[in-house]
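One structure is given below, encoded as structure tokens.
The values are calculated or read from the model by the stated rules, or taken from the named source; none is laboratory data. Since this is a predicted model, take the numbers as computed values, not measurements. Cβ: placed from backbone, ideal geometry, glycine included. Neighbour counts: every protein chain shown. SASA here: full protein model, heavy atoms, side chains in, ligands and nucleic acids out. Shrake-Rupley method; radii C 1.70, N 1.55, O 1.52, S 1.80 Å.
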Amino acid sequence: MQLLINIIVLASIYALIACGYVLIYRVSRVLNLAHGELMMFGAYLVLACASLFAGHPIMALCAAVVLSVVTGALVYVFLMRKMTGEMVLAAILTTVALGILVRGVIVLVWSSQQQYPAQALGISNPTFTLPGDGHISFWSLVLVLTNLAAYGALFGFLRFGRWGMRMRAAGQNPLLAAQRGINLHGVYALAWSLSTLTGALAGILMALDSGVTGSMPVIALKAFPAALVGGLDSLGGALLGALIIAGAEVLLIYYVDPLLSDVVPFLVLVAMLIVRPWGLFGTREELDRV
Amino acid sequence: MFRPVPRASGYFRTDYAQDMALLQTRAERIGLAALVGVLVTLPFIATPFLLDLACQVFLASIGALSLMLLTGYAGQISLGHAGLIAAGAFTTGILTREINAPFWLTLPASALTGIVLGLVFGLPSLRLRGLYLAVSTLALHFIVIYLGGEYETKRGFSTGILIEKPSLGGFKLTDGRAWYFVLLIFAAATLLICINLLRSRSGRAWRAIHTRETVAEALGISISGYKLLAFVISSSMTSVAGCLFAYYRGFVSIEAFDLFLSIQYVAMIIIGGMGSLLGALLGATFVTIFPYAIEALLKLLPNVQKLAGDIFAVNYASFGVVMILFLVLEPLGLVGIWRRIQNYFLLWPFKYKPLASMRK
């Protein structure tokens, strides 16, 4: 039972992070390797907001979420906008460089020691006991629910929303989309801010659950295989991919070797790249487009 | 390809021997002689710190040149370069630790590891391109690092493996000056290998594959063969760099080969300038010296004590900024700047080449 809960919580973490990769990739074919750092930035924003809105934890959390959305949009407007239409490698490396920059700034401002935003906000993290003798902490539960809500909202938005439709159009064929009067820069900026939003949500909830250190981006790197296993351009795939990766990781750690933790997602990734590189639900043509 | 001295007027070759010569004009010969002179006298006047810096530059150059071969010329993106360096270093570490192997055994063994890993890293490239290939090399990097870490913990070297300085023919390499020359020779040899590879059949095949795979295949180039060849050659040279690194440091630990090192190598070829061996050298020099330059600059500021703990973070952040600036403002890298300076003097007092005689 505990194993199952662990898998579900880890899968939610991976899924919530992976949908950020998928959103940006699907719309603009850019792989955002700074996702982990932006996620960590969201978590540290909670710390900053906690001191700003002392005594109002809800206010502080909302402010941090809003700020991270703004961060995502700013990243696009000031940096990635210039890389639109550039070589794939150049765009990826720009995100890598951005990640390095963000990480350096975070260490400069907040130091690299472990910090606990939950304490700063003055909120507790009670543990619930579920039937079958499983334990789950409050914030992990919130994370699982947030993940489900986020995926539901994203599905609805992409399917029925006006901007969601524009995003899908831009992803399918940017040139035609632009010709039909879709504001590509607007769509890309929206994708970046949505992606940063989901990433930051994951970062914030993880930080509330177990604190935040400078090594948080590693988790996001491990979530990337989840996005790819499901198919980089498929949102539903990311959910399933996260389940597969999390399941493999938890079970292998439990039954084989704890040291495997960092490498399991990448083993699954390599296996997937050999068997079906476009992912479970991805489109096959994807491979030739990049 | 690697023309340090520009030619203002037309220089015409009249036979194949001239065409094949590495040094074609007197200016080039004089330039090379001067460079060799400077490089040979440098260790006798430099401080130990500068000597160490030069050695690091040479080591980085080997890695950057081999990555340039793979990414800059053959067009195969690799984010797993640190994994290959780690493989070479660990092969050396394990062999010296387990069977007390000498230098002349560990070096070829590292190259062999590189060849095998090159095949492994290269196999995905037969099916994948661009971003997907980058991701697969990234994954392989983590797997290599995991294997190294596993060895460290299982054998009880959890802090790292100590390696004795090697001896060459009864002469122990402990002196910084001796190391300088060894690394210089290795770097120069790598450069020579790269130059010769690139102006032969394989180099032309790589460039054709880089430009357009379909056309290259139609021309009769074996795509899979040459892709694998690029990976194998590049990674064996990288592993040799790893072996030298292990001996030079006298210590191997898995922490030294994290993803950041891969990124640094990619940064070297980006900052230096894609598709140019000179760029790889310039980039390796720039990226290696960069943290020391930042540190020196920080020391000039007031309140040094307060900043002392943050030097690492400042380094990190400014490295990110420099990388972004190069990617956005100067995609051709340092070589691009260098060419522009050359052209300015070559064309002076004009600004642009006349269209009719446009040639690269």
Residue match in segment A:252-265 (condition: more than 13 Å from chain B (Cβ to nearest Cβ) and either assigned to a loop (DSSP other than H, G, I, E, B) or closer than 29 Å to residue A:68 by Cα (or both)): no
Working only within segment B:168-201, note down all residues that are in a strand (DSSP E or B) and farther than 22 Å from residue B:53 by Cα. B:168, B:171
Just one of the numbered conditions (1) open to solvent by 10 Å² or more (accessible area, probe 1.4 Å); (2) out of contact with any Pro (no Cβ under 6 Å at 6 or more places or on another chain); (3) of a type outside the set (D, E, K, R) is not true of residue B:68; which one? (1)
What are the residues in segment A:109-123 that are under 24 Å from residue B:313 (Cβ atoms) and at pLDDT 75 or above, if any? A:109, A:110, A:111, A:113, A:114, A:115, A:116, A:117, A:119, A:120
Taking residue B:129 and the conditions (1) at pLDDT below 85; (2) closer than 17 Å to residue B:228 by Cα; (3) surrounded by 22 or more Cβ atoms within 10 Å (Cβ to Cβ), which numbered condition does it fall short on, given that it satisfies the others? (3)
So which of B:324, B:337 ends up being at the interface with chain A (Cβ under 9 Å from one of its Cβ atoms) and modelled with pLDDT of 90 or more? B:324
For segment B:197-213, indicate whether the set of residues that are modelled with pLDDT of 85 or more and within 11 Å of chain A (Cβ to nearest Cβ) is non-empty. yes
Top-ranked residue in segment A:10-40 [being open to solvent by 10 Å² or more (accessible area, probe 1.4 Å) and not in a helix (DSSP H, G or I); ranked as modelled with the highest pLDDT]: A:33
Determine, yes or no, whether residue A:199 is on the phi < 0 side of the Ramachandran plot, more than 14 Å from chain B (Cβ to nearest Cβ) and surrounded by 24 or more Cβ atoms within 10 Å (Cβ to Cβ). yes
Could you pull out the residue among A:73, A:91, A:54 that is part of a helix (DSSP H, G or I), of a type in the set (Gly, Ala, Ser), over 22 Å from residue A:215 (Cβ atoms) and more than 10 Å from every other protein chain (Cβ to nearest Cβ)? A:73
How many residues, within segment A:94-117, are in a helix (DSSP H, G or I), out of contact with any Leu (no Cβ under 7 Å at 6 or more places or on another chain) and either among the aromatic types (Phe, Trp, Tyr) or within 7 Å of chain B (Cβ to nearest Cβ) (or both)? 7
Quickly run through segment B:130-148 and pick out the residues that are of a type outside the set (A, V, I, L, M) and within 7 Å of another protein chain (Cβ to nearest Cβ). B:130, B:132, B:136, B:142, B:146
For segment A:118-143, what are the residues that are in contact (Cβ under 8 Å) with a residue 12 or more places away in the chain, touching a strand residue (DSSP E or B) at 6+ places or on another chain (Cβ under 8 Å) and either open to solvent by 40 Å² or more (accessible area, probe 1.4 Å) or part of a helix (DSSP H, G or I) (or both)? A:125, A:126, A:128, A:130, A:135, A:138, A:141
Matching entry among A:245, A:253 (being open to solvent by 20 Å² or more (accessible area, probe 1.4 Å) and β-branched (Val, Ile, Thr)): A:253
Residue A:219 vs. criteria open to solvent by 10 Å² or more (accessible area, probe 1.4 Å) and under 21 Å from the mean Cα position of the chain (by Cα): yes
Name the residues in segment B:242-298 that are within 30 Å of residue B:158 (Cβ to Cβ) and polar (S, T, N, Q), would you? B:253, B:262, B:264, B:288
